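The values are calculated or read from the model by the stated rules, or taken from the named source; none is laboratory data. Just so it is clear, the structure is predicted and the values come from calculations on it, not from any experiment. Here the Cβ positions follow ideal geometry from the backbone for every residue, glycine too, while neighbour counts run over all protein chains shown. The protein model used for the area step is the full one, side chains on, heavy atoms only, and it has no ligands, DNA or RNA in it. Shrake-Rupley method; radii C 1.70, N 1.55, O 1.52, S 1.80 Å.
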Amino acid sequence: MRLLASLQNRVFVASALVAVLSIAFALQFVTGRVAEEAERELERGLQRAGALVEQNHAARLEALTLLARLVADLPKLKAAAETGDPPTVEPVARDYKARVHADLFVVRGRGGETLASLGAPPELVRDRASPRSVAGGGVDTLQTPRGVVEVVTVPIALGPDPPEIVGALSLGTALDQDLAQEFKAVTDSDVVFALDGRVCASTLAGPYEDAIARVLASQGIVTVAVGENEYVALRHRLSSSTGPGVPVAVILRSKTERLLFVRTLRTGLLAAGLVGVLAAVLMSYVVARTVTRPLSAITAMMREMTATGDLARKIRPGRAWADEDARTLAATFDSLTEAIARFQGEASQRERLSALGRLSTVIAHEVRNPLMIIKGSLRVLSSPGVSSTDVREALEDIDHEVARLNRIVDDVLDFARPVRLEYAPTDVNALLVDVATSFDVVGEPRRVVTTEARDLGTILVDSERLRTALVNIVANALDAVAARRDGMADPVEVRSLWIPGGGVAVEVEDHGVGIEPTDLPHVFEPYFTTKRTGTGLGLAIAKNVVDSHGGILSAFASAGGGTRIRLELPPSPRRVP
C-alpha cells in the first residue's frame, strides 16, 4: 500500500475514482435506458405491424367479397350459369377472371356441380365442396399447387324476392410471396404466412424453419435467431378465416438492425466517456498537485531541517502555488523554529552557567589537593638540613602537581570555550592508526588494536579535534581495563565502519570493569566520573567535538563485559546550533 502512503497519491486516486465511477455510471445508465426504450419501441412497432397486417387482410377479404357479389350480379354470368353447361360457362368465367385479377375463379351450378374452375384443379374444388358451395357465405381456405388460397363464395341469383339461386361464384386470393412482400412494404417488417404449421410464403432469407416453428408454438412476442440476425416475432391468427385450416401470419422485425443505432450510440458514448475519463484523470492529477504541493514543499523542508538540525532555515512558499493556508502554515512553522532556536540558545547558556558553577566546585576540589602537596614540598625544602634526596623528591612532587594543575586548566578551557573547527579531508583509518600508536609502550604488547573498513576514503572533519576526542575515549577505555582486579589486560579495540546512507562510524570497545546501567546515560555529562581522580571532562570534551561535527556519540554495555563507545560522523560538515 505504498502507493497510498502519499497524500498527493490519495487525493489523486480518490478524485480519479470519483470521476471515473461517475462517468461509468452515467454511461451505463444512459446506454441501458436507451437500449430498454429501443426494445420497447421495437415491440410496440411489432404490435402495430401485426395490427396493420390484420387490417389489410380483412380489407382484402372485404374487397374480394364485394367484387364477387358484383361479378355474380352480372347478367352475362347469370345467363351462362343458368344453362348449367360447362363449355358455355368457362369462356365467360375466363373473361371475368382476367378482368378481376382473381387467383381463383370457380362457378358452380344449382346442385353444386363445378361448371368452371380456374386457378385450381376441378377435382380439388370438388373435394372441398360444402353445403354452402351454392348458398355462399364465409371464407374457406384451399391448398393449391400455387399455395394457400382464401376463397369467398357468393350466390348467383335470378329474379326478385325471393330470388332463384342458379349457382354460386367463388373468388380466391392467394397468401403467396407477392402478398408477403406487399405486407412487408406496408408494415416495414418481414412477414411469413403459414397453414397448419407449414410455411406458405416468407420474405425471410436463409434457414428460418426452426425459428418460425418456435414462434408458431408460442404466444406473444418471441425473440428468435435467423442466421446471424436476431428477430422479435409475433404470431397473428387471421381470425376471419374459418374451416379446417386457419392461416397464420408471423410478423418479424430485425432486432439486430433496429438496435444498430444503440450500438453506434454506445460506441460514441464510450469514446466520449474515455476522453472524459482521461480529462478527469488529468484534472485529478492537477488538483492533487495543487492541493499537496505546498504540503510537500513544507514536508521536504522539515525533513531537511530534521536531518541537518538547522532550525535557522525558513520555509518560503513560492508564487507558483500561492496558497493562503500554506503561507499561514509556513509562517507558523517558521515562528515555531525561531522560538525553539531561541530556547535552545537560552538552554545552552543556562547549561554553560550551570556547568561553570559545577566547574568552580570541581576546580576547588581538584586544585586544593595539588596545592596542599606543593605547600608540603615547599615546607620540606625550607626545613634546615634537608638532604639532596629529599630536595629531589620534593621537586619531583612539585613538578608532577604543576603538570596536574596545567592538565586541569587545559580540560576546563577545552570544555568552556567554543569549539572552532578547521575542516579538511581526513583519512579516518590513518587517524585511528595514529591514535592507537600513541599509546604504544616500547617493549610491551600493544594496548590498542585497530580494524579498518576497506575503501573508506576521506571525510571532511577537523582531524586534530577528532584525534583529541578519540584519545580521551581510548584513555578512558584503557583506565577501565587497568581497573580489572583479575589482572587481565585485553587490548582496546578501535574499528571504523560504513554507515548505510553515507557517513563513517568509529567504535571503541574495551573489556574493562564496565559501567553500571544506571550510569550509562550520564557518562558524557561534565564532571561525571567513577574514578578516584579526574575531572570528568574527558568524555564531555569528546562529545562537544563530535556534536560540533554534526555527529552522534553513544555509549553501550558490551555483551562480554566492558563498554562500547560509538562515534558517528556525517560525510560532510553540518551546521549545528
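Would you confirm whether any residue within region 256-265 is assigned to a strand (DSSP E or B) and open to solvent by less than 60 Å² (accessible area, probe 1.4 Å)? No, region 256-265 contains no residue that is assigned to a strand (DSSP E or B) and open to solvent by less than 60 Å² (accessible area, probe 1.4 Å). Between LEU61, LEU70, the distinction of being in a helix (DSSP H, G or I), modelled with pLDDT of 85 or more, surrounded by 16 or more Cβ atoms within 10 Å (Cβ to Cβ) and out of contact with any Cys (no Cβ under 7 Å at 6 or more places or on another chain) belongs to LEU61 only. Sub-8 Å Cβ pairs linking a first residue in region 472-493 that is part of a helix (DSSP H, G or I) to a second residue that is open to solvent by less than 60 Å² (accessible area, probe 1.4 Å) and among the polar types (S, T, N, Q), at least 6 apart or interchain, are ALA477/THR563; ALA480/THR563, ordered by first then second residue.
Looking only at region 29-81, filter to residues that are among the acidic types (Asp, Glu) and within 45 Å of the chain's Cα centre (by Cα); which one of those is nearest to ARG94 (Cα to Cα)? Filtering first and then ranking leaves GLU43.
Taking region 494-513 as the range and being out of contact with any strand residue (DSSP E or B) (no Cβ under 6 Å at 6 or more places or on another chain) and free of Cβ contacts under 8 Å to residues at least 60 places away in the same chain as the test, the residues that pass are TRP498, PRO500, GLY501, HIS511, GLY512, VAL513.
Take GLY512 and decide whether it is more than 56 Å from the chain's Cα centre (by Cα), modelled with pLDDT under 85, surrounded by 17 or more Cβ atoms within 10 Å (Cβ to Cβ) and part of a loop (DSSP other than H, G, I, E, B). Yes, satisfied.
Here is a check on your reading of the model: is LEU169 crowded, with 20+ Cβ neighbours inside 10 Å, modelled with pLDDT of 85 or more and of a type in the set (A, V, I, L, M, F, W, C)? Outline the logic, then answer.
Numbers: crowded, with 20+ Cβ neighbours inside 10 Å: yes; modelled with pLDDT of 85 or more: yes; of a type in the set (A, V, I, L, M, F, W, C): yes.
In short, yes.
Of all the numbered requirements in (1) at pLDDT 85 or above; (2) closer than 18 Å to LEU46 by Cβ, LEU179 misses one, and that requirement is (2).
Return the residue satisfying two criteria in turn: it lies in region 375-408 and is among the charged types (D, E, K, R) and over 30 Å from ILE541 (Cα atoms), and of such residues it is least open to solvent (accessible area, probe 1.4 Å). In this case the residue turns out to be ASP390.
Taking the conditions exactly as written (modelled with pLDDT under 80, more than 30 Å from VAL152 (Cα to Cα) and either in contact with a Ser or Thr (Cβ under 7 Å, 6 or more places away or on another chain) or open to solvent by 80 Å² or more (accessible area, probe 1.4 Å) (or both)), does LEU27 satisfy them or not?
no
In region 93-107, the qualifying residues are those that are open to solvent by less than 20 Å² (accessible area, probe 1.4 Å) and not in a helix (DSSP H, G or I), and the one that is farthest from GLY167 (Cα to Cα) is ALA102.
Counting the residues of region 242-275 that are modelled with pLDDT under 75, farther than 21 Å from SER189 by Cβ and over 28 Å from the mean Cα position of the chain (by Cα) gives 4.
The set of residues from region 451-505 being open to solvent by less than 40 Å² (accessible area, probe 1.4 Å), farther than 20 Å from GLU422 by Cα and in contact with a helix residue (DSSP H, G or I) (Cβ under 8 Å, 6 or more places away or on another chain) comprises ALA453, LEU456, ILE473, VAL474, ALA475, VAL492, VAL494, SER496. Of the residues GLU113, GLU90, GLU43, GLU54, the single one that is out of contact with any strand residue (DSSP E or B) (no Cβ under 7 Å at 6 or more places or on another chain) and either open to solvent by 50 Å² or more (accessible area, probe 1.4 Å) or among the hydroxyl-bearing types (Ser, Thr, Tyr) (or both) is GLU113. From the list SER239, SER284, which residue is closer than 29 Å to ALA174 by Cβ and modelled with pLDDT under 75? None of the others qualify; the one that does is SER239.
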